[in-house]
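Participant: Below is one structure. I have some questions about it.
The values are calculated or read from the model by the stated rules, or taken from the named source; none is laboratory data. Predicted model only: the values in this text are computed from it and were never measured. Cβ placement follows ideal geometry from the backbone for every residue including glycine, while neighbour counts extend to all protein chains displayed. Ligands, DNA and RNA are excluded from the accessible area calculation, which covers all protein heavy atoms including side chains. Shrake-Rupley method; radii C 1.70, N 1.55, O 1.52, S 1.80 Å.
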Amino acid sequence: MTKRNVPESVSILILGAGGDLTKRLLLPGLASLLSAHDYDVQVLGAAQEERTDEQWRQLIRDSFGQVTDPQNADRYLESARYITADVTDPEQLRLLIQACDHTPIIYFALPPAVTARVCAALRQLDLPAGTRLALEKPFGTDLTSARALNRLIAQLVPEEQVFRIDHFLGMSMVLNILGLRFANQFFESVWNGRRIERIEIVYDELLGLEGRGGYYDRAGALIDMLQSHLLEVLALIAMEQPPRLNEVELRSNAAQILRATHVWGDDPAASSHRARYTAGKVGDRSLPSYTDEPGVDPALKTETLAQVTLEVDTARWRGVPFVLRSGKAIGNYTTQVRVRLRPVPEIPGFGGAPAPDSIMLDLKSGAVELGLTMNGSGDPFTLERSTLVAKKELGDLLPYGQVLQGIVEGDPLLSVRADMAEECWRIFDPVISAWRKDEVPLEEYPAGSLGPKGW
Ligand code: BG6
């Protein structure tokens, strides 16, 4: 992490504070941050739903209770406020901003189309100096809308005051990728296409829709996970070492990788798979078919499992497939980057061929596993597979806490820059359009299985 600024006092104004995101992720993340750091933060919520200040304060107290002693919330409660408002209305937005005691951080916990309307409304106001904007994913709904949103935002505040949120960038392991790669001769010397045959970034979840049908059915696994989170992981895995760990250098190197990334063979039909789950059991939870989940329109043909192979067209990586995959209701929870090295030639005199070396980074637990071929136990003339495992203690800050820390301190290191957000859409545009034209079959898998066979 770059040098921490001592932050000024800020008011976090959450637009769409009635939603699930605020309760499930945002407020607990904020609680983990404010319990660990002595920041002066006012927490305001605004949404169409009626709610009293007292109910809002209780929600904040409960969120602290999820991660720490609820009494840690006390010092933030007096200034906390909830305002019922139509956040797309310029006059009501003016009142919301006036309610901020300090420099506002306007947090858009809103769907992309509403975010665009709020930004258009904000153009009619004079925003206080230093106002920061924090925008939830997905950023736009396609390349054209992301570009339009970026243009609109650029008219409101300078880019350094814009924080496009990707909570994966707040996961300790994602940042650990940089330490691991660049602090070790061992990794850096093999981290290229001459030594590495294939890289897979897999994020398979046990969870199904969990009541998010209204949002998810218009996104699907490709947009919800690959287009945003997994491409950011790919950029960190593939990037050149930044000369300094600051927002300019880190994000420029990540953006360079994204610009060089395209669908394998520029053939989306041959390089992508999609599927959706049917009824089944994940552990002891029974899930209905995706198409029977509330809020789902089967005609949209939304996928709950997506897999796309990409190429990073740089001297280091040309010819190495990067496979990105993520699915819901999969029987095996997997959050891994798997690196497979090229095989070594057979060793004369030893029984058994060496398996390719492998490196596995677990994005959630922080574990690193090296798969090596060693001499057989008891018979050194044979070869067998061994795994060396290193576990890590992850920090106390929740991923949202880490991302919010950057926003409170005014450091956009861990947020997605405008051009990166557009590149992520550009990379998957051909896949989205091939899927819309039905050039790739929509397969099925029972919830709780490992997905369709043969991918
Ligand atoms: C969110 C997606 O951004 O990331 C969810 O919208 C997904 O669908 C989640 O479940 C995964 O992240 P985490 O941190 O909850 O594993």
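Participant: Residues being farther than 19 Å from D53 by Cβ and free of Cβ contacts under 8 Å to residues at least 40 places away in the same chain: count how many of those fall in region 94-116.
Facilitator: Adding up the residues that qualify gives 5.
Participant: Filter region 332-376 for residues that are in a loop (DSSP other than H, G, I, E, B), within 16 Å of the ligand (Cβ to nearest atom), of a type outside the set (D, E, K, R) and open to solvent by 20 Å² or more (accessible area, probe 1.4 Å) and give the result. Steps first, please.
Facilitator: Within region 332-376, the subset in a loop (DSSP other than H, G, I, E, B) is 332-333, 342-350, 352-357, 363-367.
Checking which are within 16 Å of the ligand (Cβ to nearest atom) leaves us with 332-333, 363-367.
Those left that are additionally of a type outside the set (D, E, K, R): 332-333, 363, 365-367.
Once the filter is applied, which keeps residues that are in a loop (DSSP other than H, G, I, E, B), within 16 Å of the ligand (Cβ to nearest atom), of a type outside the set (D, E, K, R) and open to solvent by 20 Å² or more (accessible area, probe 1.4 Å), region 332-376 yields N332, Y333, S365.
Participant: On the basis of being within 18 Å of the chain's Cα centre (by Cα), open to solvent by less than 50 Å² (accessible area, probe 1.4 Å) and more than 23 Å from P412 (Cβ to Cβ), does E232 make the cut?
Facilitator: Considered against the rule, which asks whether it is within 18 Å of the chain's Cα centre (by Cα), open to solvent by less than 50 Å² (accessible area, probe 1.4 Å) and more than 23 Å from P412 (Cβ to Cβ), E232 comes out as no.
Participant: Let me ask something else. Which is surrounded by fewer than 19 Cβ atoms within 10 Å (Cβ to Cβ) and away from the ligand (no atom under 16 Å from the Cβ), of R194, R285?
Facilitator: R194
Participant: Determine, yes or no, whether A183 is without any contact (Cβ under 8 Å) to a residue 60 or more places away in the chain, among the hydrophobic types (A, V, I, L, M, F, W, C) and open to solvent by 30 Å² or more (accessible area, probe 1.4 Å).
Facilitator: It is true that A183 is without any contact (Cβ under 8 Å) to a residue 60 or more places away in the chain, among the hydrophobic types (A, V, I, L, M, F, W, C) and open to solvent by 30 Å² or more (accessible area, probe 1.4 Å).
Participant: Output the residues belonging to region 120-139 that are farther than 20 Å from V403 by Cα and either at pLDDT below 95 or in a loop (DSSP other than H, G, I, E, B) (or both). Can you show your working first?
Facilitator: Start the filter on region 120-139 by keeping residues that are farther than 20 Å from V403 by Cα, which leaves 120-129.
Matches in region 120-139: R123, Q124, L125, D126, L127, P128, A129.
Participant: Oh, and also: Just to be sure, is G170 within 11 Å of the ligand (Cβ to nearest atom), open to solvent by less than 10 Å² (accessible area, probe 1.4 Å) and at positive phi?
Facilitator: Spelling it out, it is not the case that G170 is within 11 Å of the ligand (Cβ to nearest atom), open to solvent by less than 10 Å² (accessible area, probe 1.4 Å) and at positive phi.
Participant: Kindly indicate which of R117, R147, R75 is in a helix (DSSP H, G or I) and out of contact with any helix residue (DSSP H, G or I) (no Cβ under 9 Å at 6 or more places or on another chain).
Facilitator: Numbers: R147 fails: out of contact with any helix residue (DSSP H, G or I) (no Cβ under 9 Å at 6 or more places or on another chain); R75 fails: out of contact with any helix residue (DSSP H, G or I) (no Cβ under 9 Å at 6 or more places or on another chain).
Matching residue, one of R117, R147, R75: R117.
Participant: Looking at Q66, Q48, Q71 in this structure, which one is in contact with a strand residue (DSSP E or B) (Cβ under 8 Å, 6 or more places away or on another chain) and not hydroxyl-bearing (S, T, Y)?
Facilitator: Q48
Participant: List every residue pair whose Cβ atoms lie under 7 Å apart, where the two residues are 6 or more positions apart in sequence or sit on different chains, the first residue falls within region 347-375 and is farther than 22 Å from L230 by Cβ and touching a residue at least 40 places away in the same chain (Cβ under 8 Å), and the second residue, located anywhere, is among the charged types (D, E, K, R) and more than 16 Å from the ligand (Cβ to nearest atom).
Facilitator: The qualifying pairs are P356/E197; P356/R340; P356/R342.
Participant: Continuing with this model, one more query. Go through (1) more than 14 Å from the ligand (Cβ to nearest atom); (2) within 17 Å of the chain's Cα centre (by Cα) for K301 and report which single condition fails.
Facilitator: (2)
Participant: Being open to solvent by 10 Å² or more (accessible area, probe 1.4 Å), within 16 Å of the ligand (Cβ to nearest atom) and among the polar types (S, T, N, Q) is the filter here, so list the residues in region 17-57 that pass it.
Facilitator: S32
For every residue, the table says whether it meets (1) in a helix (DSSP H, G or I); (2) small (G, A, S); (3) surrounded by fewer than 22 Cβ atoms within 10 Å (Cβ to Cβ).
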| position | (1), (2), (3) |
| --- | --- |
| N253 | yes, no, yes |
| Q256 | yes, no, yes |
| R274 | no, no, no |
| Y277 | no, no, no |
| P294 | no, no, yes |
| Q307 | no, no, no |
| E311 | no, no, yes |
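Participant: Working only within region 157-208, note down all residues that are assigned to a strand (DSSP E or B) and either over 30 Å from T131 (Cβ atoms) or modelled with pLDDT under 95 (or both).
Facilitator: I196, E197, R198, I199, E200, I201, V202, Y203, D204
Participant: Also, I was wondering about something else. Which one is modelled with the lowest pLDDT among residues in region 432-455 that are touching a Lys or Arg at 6+ places or on another chain (Cβ under 9 Å) and hydrophobic (A, V, I, L, M, F, W, C)?
Facilitator: Filtering first and then ranking leaves W455.
Participant: So, one more: For region 207-229, which positions are open to solvent by 40 Å² or more (accessible area, probe 1.4 Å), more than 17 Å from the chain's Cα centre (by Cα) and not charged (D, E, K, R)?
Facilitator: G211, G214, listed by residue number.
Participant: Please work out which residue is nearest to the ligand (Cβ to nearest atom), limiting yourself to region 209-227 and to residues that are on the phi < 0 side of the Ramachandran plot, touching an Asp or Glu at 6+ places or on another chain (Cβ under 6 Å) and assigned to a helix (DSSP H, G or I).
Facilitator: Per the criteria, the residue is A221.
Participant: Ok, one more. Name the pairs whose Cβ atoms lie under 6 Å apart, with the first residue in region 134-152 and within 20 Å of A221 (Cβ to Cβ), the second surrounded by fewer than 19 Cβ atoms within 10 Å (Cβ to Cβ) and not acidic (D, E), and 6 or more positions between them or separate chains?
Facilitator: Partner pairs satisfying both residue conditions: L143/R426.
Participant: Can you report the number of residues in region 377-430 which are surrounded by fewer than 22 Cβ atoms within 10 Å (Cβ to Cβ), of a type in the set (G, A, S) and in contact with a strand residue (DSSP E or B) (Cβ under 6 Å, 6 or more places away or on another chain)?
Facilitator: Of the residues in that region, 2 qualify.
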